[in-house]
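The values are calculated or read from the model by the stated rules, or taken from the named source; none is laboratory data. All values derive from a computational prediction rather than experimental measurement. Here the Cβ positions follow ideal geometry from the backbone for every residue, glycine too, while neighbour counts run over all protein chains shown.
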Amino acid sequence: MNEAETRAELIDPALRELGWVTQDNIKVSRELKINNGRILTGGRNADPKIADYLLTVNDQDLAVIEAKSDEKPLSEGVAQAKKYAQLLQTRFTFSTNGKEILQIDMETGKEEKIHNYPTPERLWDMVHGNITDWETKFNEVPFETYSGTKEMRYYQKNAVNNVLKAIANGDQRLLLTLATGTGKTFIAFQIAWKLFNARWNNRNAENQRPRILFLADRNILADQAYNSFNAFAEDALVRIRPGKVSTSGSIFFTIFQTFMTGSGDENEDIEEFELKRYEEYPPEFFDLIIIDECHRGGAKDESNWRGIMEYFKPAVQLGLTATPRTKDNANTYKYFGKPVYQYSLKEGIQDGFLTPYKVQNIKTLFDEDYEEYVYRPGDIVLEGEIEEGKAYFSKDFNRSIIIEEREEERVKKLLTEIDQNEKTLVFCATQKHALLVRDLINKYKESDNVDYCHRVTAEDGEIGEEHLRSFQDNEKSIPTVLTTSQKLSTGVDARNVRNIVLFRPVGSMIEFKQIIGRGTRLFEQKDYFTIYDFEDVYLKFFDEEWDGEPIDPDPPTDPKEPREPKEPKEPRGSREKVIIELSDGREREITHTTRTFFFGKEGQTLTAQQFIEELYNTCMLPEVFESEDKLRELWSVPSTRKALLKSLENAGFGFNDLVEIQKIIDAEKSDIFDVLEFVAFAKKPLTRLKRIKDAEEIMQHEFNEDQMEFINFVLSQYENEGVLVLDDEKLPILLELKYKSLQNAKHILGDLTDARNIFLDFQKVLYKV
């Protein structure tokens, strides 16, 4: 029997007989899609990971079953069974061929043959036999799925369960590390939901619901969280506002600044105030405090925000962060301890829950000539005082010194690179720089809409917030571009961002990850987003700290580390900006150098050379094409060409990636076939026109005049648009374009089968040359 027959005739009956039927608190999930598969071009995904069976009791996933055909050996499915059990964090997993069963304990590593699967009751005891009373109570509260409209992803379940287990075991400081866009707020909601409905509290007060505080450093983050907790009764939710100490309710939301100063202004300088509004609450008032983006304040010993954490020391404190441990945020990990769960950007992209990215590193000739600027006679100082002989470097531009021509050329280049209708975030050195870039974009944009580009920084206040809200609204296309300095590196839940532009250096790995996270959220027909890097920030992708595993921290301590910088303040006094206009005679035609980087299948950032090397290794596999003759044979037939492209996509080389290589090797007028020939066999690419010319003589001997007229029409489309014109499904469209109707085409070429034969046969000739 094949695998499907083995499941239906051997495995399903065995499970039913033991009580594994979906009913009440028991659930048997068949062919469970664990992830979506990495996003490919054209709105498609790579093959997802699918578990044959997942056995669930009381909303708790207990075991995976990996099934193989009864003709396969028992151990055939072991590797897959273990892999899926690791992803789903199930204690047990089973590999079976329908006749025999291998049970694997993922905790002890023990593997043994068994005669029958355990019953639901027995499996529950095997997994949860020794859990605490609170774990049992938490398990009895189902996840809130909003009537099945918001099913939890596997890593979200893992995060919630790991936090609740730690709370049940009495842990006081907890940390979750999950990439931006993976639903940390939804996870926080589910944790609160289970604690609330299980009537857990940290005061040993029997049958009382907990008081939970969600603490953020941005109003937009606190508001988004408040709105996301809407499954709770309205009287359970409290948004703490300036000037009012609210004590009635269960789930509280506020920003650090309100607690510290009584102000609702997130840009308030806390150091200027002695108020500690949080002390109007008793220290033991909150049972759980959830600190969003915890690396940005609360765990910093020298931050005044830290006082909040110490004052509410009796509470369980859960930190949420998107950044794995680096030297920039080591104290966050010292404070909270090792993450109870982590889910990286790389995993999110590979699972298809986050959008992949491309990197374009761009250098203008201006950048290369003025990587170091020294004042020369003839340059005009428009503002400030120049220090003769002093060298200004990249880090000084738009902070200590402004050369507007440099920014102008960068903006012009950017606008030629991007689709100007796509939503774009531009990160600038300072608020003043963001203003200059905004003005230049609006000067050279194609759009005639006055709201096309706006600046959103701390200085823009409520008007900036309005522009941000409009930008985040996926139903609106204006404003299309926002410029910023620091403000938009976090808290921007805009799913349709297609371009991230770096017009300033990014020193911190934390901030770099946050900026990249602005583009990773999923959106319809969003296959990837592009990072346009004008400052060589791409080098951070090759840093060992990029998306690495968090280092095991020391035991929680009271760390000492300076605070992270705020929104940069404009230089004053002797640090006044110098604005330069370059002298006449130093104008030149500005050219640009662009380097493309690729996101590899394993989640690593690859140079073009590395990517081409990996493509070469893949092409040489026997199951791909291995030889030039095999490539030609596969490529000359639309169905096998499509299968080959699908195979390459699944291996991490999408069609758009091949188009990028086509540009890199200066073969944009060639066929993708020539790109593959170049990579695999070092063949010089032919242009599509040259390929047509070389094949014409053979075609004229094989096809009559009417047929050649149609073929020449198709070839003219092919020359202009490329190989996708030759896909099978394009034939009816081509016939209508040429003959105005399929009926007219039939009179000249015969029926659709005859036309299709012509369409297929000439392609074999085309790719013989």
## Note on the structure
Given (1) surrounded by fewer than 19 Cβ atoms within 10 Å (Cβ to Cβ); (2) of a type outside the set (S, T, N, Q); (3) closer than 22 Å to Glu466 by Cα, Ala225 misses just (1)
## Note on the structure
Restricting region 419-466 to residues that are surrounded by 19 or more Cβ atoms within 10 Å (Cβ to Cβ) and free of Cβ contacts under 8 Å to residues at least 24 places away in the same chain, the one nearest to Ala494 (Cα to Cα) turns out to be Gly464
### Query
Which one is farthest from the chain's Cα centre (by Cα), of the residues in region 704-761 that are more than 28 Å from Thr687 (Cβ to Cβ) and β-branched (Val, Ile, Thr)?
Ile748
### Summary
Scanning region 306-324 for residues that are under 30 Å from the mean Cα position of the chain (by Cα) and in a loop (DSSP other than H, G, I, E, B), the one modelled with the lowest pLDDT turns out to be Pro324
### Query
Name the residues in region 186-225 that are part of a helix (DSSP H, G or I), touching a strand residue (DSSP E or B) at 6+ places or on another chain (Cβ under 8 Å) and at pLDDT 90 or above, would you?
Ile187, Ala188, Ile191, Ala192, Leu195, Phe196
### Query
Which of the residues that make up region 46-59 are crowded, with 17+ Cβ neighbours inside 10 Å and not basic (Lys, Arg)?
Ala46, Ala51, Asp52, Tyr53, Leu54, Leu55, Thr56, Val57, Asn58, Asp59
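Of all the helices (runs of 4 or more DSSP H) wholly in region 630-707, which have at least 1 residues that are within 15 Å of Val769 (Cα to Cα) and not polar (S, T, N, Q)?
672-681, 688-702
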### Query
Do any helices (runs of 4 or more DSSP H) lying entirely in region 1-89 carry at least 3 residues that are more than 30 Å from Gln525 (Cβ to Cβ) and at pLDDT 90 or above, and which ones are they?
12-17, 78-88
### Task
Consider Asp666 carefully, then state whether it is in contact with a Phe, Trp or Tyr (Cβ under 8 Å, 6 or more places away or on another chain) and under 30 Å from Gln525 (Cα atoms).
no
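With Glu705, Glu696, Glu729 as the choices, which residue is surrounded by 13 or more Cβ atoms within 10 Å (Cβ to Cβ) and free of Cβ contacts under 8 Å to residues at least 60 places away in the same chain?
Criteria check complete, one pass: Glu696.
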### Message
One residue is enough: does region 746-767 have a residue meeting the conditions of a type in the set (Ser, Thr, Tyr) and in contact with a His (Cβ under 9 Å, 6 or more places away or on another chain)?
### Response
no
### Query
Within region 654-693, how many residues turn out to be without any contact (Cβ under 8 Å) to a residue 40 or more places away in the chain and of a type in the set (Phe, Trp, Tyr)?
1
### Task
Evaluate region 711-723: report whether one residue or more is within 28 Å of Gly37 (Cα to Cα), among the hydrophobic types (A, V, I, L, M, F, W, C) and touching a helix residue (DSSP H, G or I) at 6+ places or on another chain (Cβ under 8 Å).
yes
### Query
Going through region 95-154 one residue at a time, which ones are assigned to a loop (DSSP other than H, G, I, E, B), among the aromatic types (Phe, Trp, Tyr) and buried (at least 19 other Cβ atoms within 10 Å of the Cβ)?
Tyr117
### Query
In region 264-296, which residue that is closer than 21 Å to Asn202 by Cα and among the aliphatic types (A, V, I, L, M) is modelled with the lowest pLDDT?
Ile291
### Task
For region 738-760, indicate whether the set of residues that are charged (D, E, K, R) and touching a residue at least 40 places away in the same chain (Cβ under 8 Å) is non-empty.
no
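One line per residue, one yes/no per condition, for (1) among the basic types (Lys, Arg); (2) modelled with pLDDT of 55 or more; (3) under 28 Å from Leu414 (Cβ atoms); (4) touching a Leu at 6+ places or on another chain (Cβ under 6 Å):
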site	(1), (2), (3), (4)
Gly298	no, no, no, no
Lys346	yes, yes, yes, no
Lys358	yes, yes, yes, no
Arg376	yes, no, yes, no
